[in-house]
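Student: Handing you a structure now.
Derivation of every value follows stated rules applied to the coordinates shown; laboratory data play no part. Quick caveat, the model's predicted, so the values are computed rather than measured. Cβ sites come from the backbone with ideal geometry, for glycine too, and all protein chains shown count toward neighbours.
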Amino acid sequence: DNGEFVKIVEVGPRDGLQNEKAIVPLHTKISLIERLSTTGLTVIEAGSFVAPKWVPQMADSTSILSHLLRSPPPAPQPVTYPFLVPNLKGLESALPRTTPPPPSAGASEIAIFASASEGFSLKNLNCSIDTSFERFAPVVQKALENNIKVRGYVSMVISCPYSGDTPPEKVVQVTKRLLDMGCYEVSLGDTTGVGNPYTIDVLMKALIDGGVPVDKLACHFHDTYGQAIVNCMVGLANGVRVFDSSVAGLGGCPYAKGATGNVATEDLVYFLHSVGMKTGVDLEKVSEVGAWISDAIGRKNNSKVGPALLAK
Ligand code: HMG
Ligand code: MG
């Protein structure tokens, strides 16, 4: 097969688990990351260095990073494990350590997360969009000085439960600010899954016409209303080749009313392969991981493809 390559950013261990009320044991989180590593995925978002008071589920992200550094999961290809970082305090947890001995390397990639709506910025980061950028600037600078790659997120790219519909120009502006600051890629979050093929197309065209190179964009679509796959199709048709997804469709954002999981990785991979794209992901293996994690945390598997495939 010589289809074009599409990169999948697996966000299950972070976006997927961050919304779980009951704390998922550390060994389950690590096992999820290890199992995902065997499927051919090349990027697996592994946790968040955020305030534990705000998102208790991510409080053990430091242990996850140390584990990944100490015992890199066996994988058929190199895998990057990014962590979310909202401020300098979060970056400290991602940086290489000289003490206590033994010294250890740090994360190779972080992601900062901005909002296209003021209402969500206040809920999620406890500050305005402008203030969030003042806080991101030194984070990005210091990360790049330490050879840590930085990805950017923009949330509420279509509409926000607190601020209403998001003007596409606002998304263009925030996206450009993240790229200008040094992010190598910006992921467009339809946080509450309210986009449809029309609004996503309008947004994509606003970004491209606004001068944002499409190869710097990723789509991060939640599947709350079942539209995530058709919306990914619109991203693909506009030239996007990076998509975020979550195994078994786990997830949601604790600070976004009504947000449920990301598009399921199994469904995304099935769709991409069916239209002739290459992902490098073994659909059957990732479906098995989806079945395992749903069972391990007692959740309904939100993928359609995974259970269908495994039932055959
Ligand atoms: P704040 O309360 O304004 O921060 O929160 P603060 O600086 O006043 O600190 C409050 C306390 O938190 C202090 O502790 C700090 O030390 C501690 P205390 O003195 O009270 O004991 N603290 C930290 N601890 C660990 N790591 C840190 C850190 N920072 C402060 N990095 C803050 C501001 C940004 C910290 C807070 O709002 C926060 O953590 N927000 C994160 C929310 C979050 O993780 N949301 C989910 C991820 S975003 C998402 O899901 C969307 C996405 O998927 C895309 C999409 O779908 O749209 C990416
Ligand atoms: Mg998300």
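Student: Here are some pairs, Lys21/Lys257; Lys89/Lys149; Lys53/Lys123; Lys7/Lys29; which of them have Cα atoms lying more than 20 Å apart in this structure? Could you put the intermediate results ahead of the total?
Tutor: On the way: Lys21/Lys257 15 Å; Lys89/Lys149 17 Å; Lys53/Lys123 14 Å; Lys7/Lys29 23 Å.
The pairs that break the limit, which is 20 Å between Cα atoms, are Lys7/Lys29.
Student: I would also like to ask the following. Take the Cα atoms of the range 1-116, build their convex hull, and give its volume per residue in Å³.
Tutor: On the way: hull volume 15.3 nm³, N = 116.
Considering the Cα atoms of the range 1-116, their hull volume per residue is 132 Å³.
Student: OK, next. Please report the antiparallel percentage of DSSP beta bridges with both residues in the chain, rounded to the nearest 5. Before the final figure, lay out the partial values.
Tutor: Numbers: 4 of 35 bridges.
Rounded to the nearest five, the antiparallel share is 10 percent.
Student: What is the spread of the Cα atoms of the range 162-264 along each of their three principal axes, largest first, in whole Å?
Tutor: 33, 28, 26
Student: So what J values fall out for the range 285-299 if you push phi through Karplus, 6.51 cos²θ - 1.76 cosθ + 1.60 with θ = phi - 60°, rounded to Hz, Gly and Pro as x?
Tutor: Those phi angles translate into 5, 5, 5, 5, 5, x, 5, 5, 5, 4, 5, 5, 10, x, 10 Hz.
Student: Another one. Find the Cα radius of gyration of the chain, compare it with 2.2 N^0.38 Å by division, and give the number to two decimals.
Tutor: On the way: Rg = 18.0 Å, N = 312, 2.2 N^0.38 = 19.5 Å.
Normalised Rg, Cα atoms only: 0.92.
Student: Over the chain, what is the relative contact order in whole percent, taking alpha-carbon pairs under 8 Å and six or more residues apart? Intermediate results must be reported in sequence, preceding the final value.
Tutor: On the way: 673 pairs, mean separation 60.3, N = 312.
Relative contact order for the chain comes out at 19 percent.
Student: Here's something else I'd like to know. Once all Cα-Cα distances of the range 47-183 are split into 10 Å bins that start at 0, what whole-number percent is in each one?
Tutor: 12, 39, 33, 14, 3, 0
Student: Below 8 Å, C-alpha to C-alpha, sequence gap of six or more: please give me the relative contact order for the range 24-69 in percent. Don't jump to the answer; show the numbers that get you there.
Tutor: Details: 27 pairs, mean separation 15.7, N = 46.
So the answer I get is 34 percent.
Student: Same structure, new question: What dipole magnitude, in Debye to the nearest 20, does the chain give about its Cα centre under +1 on Lys/Arg Cβ and -1 on Asp/Glu Cβ? Don't jump to the answer; show the numbers that get you there.
Tutor: Details: 27 positive and 30 negative charges, 119 e Å.
Charge dipole of the chain: 580 debye, to the nearest 20.
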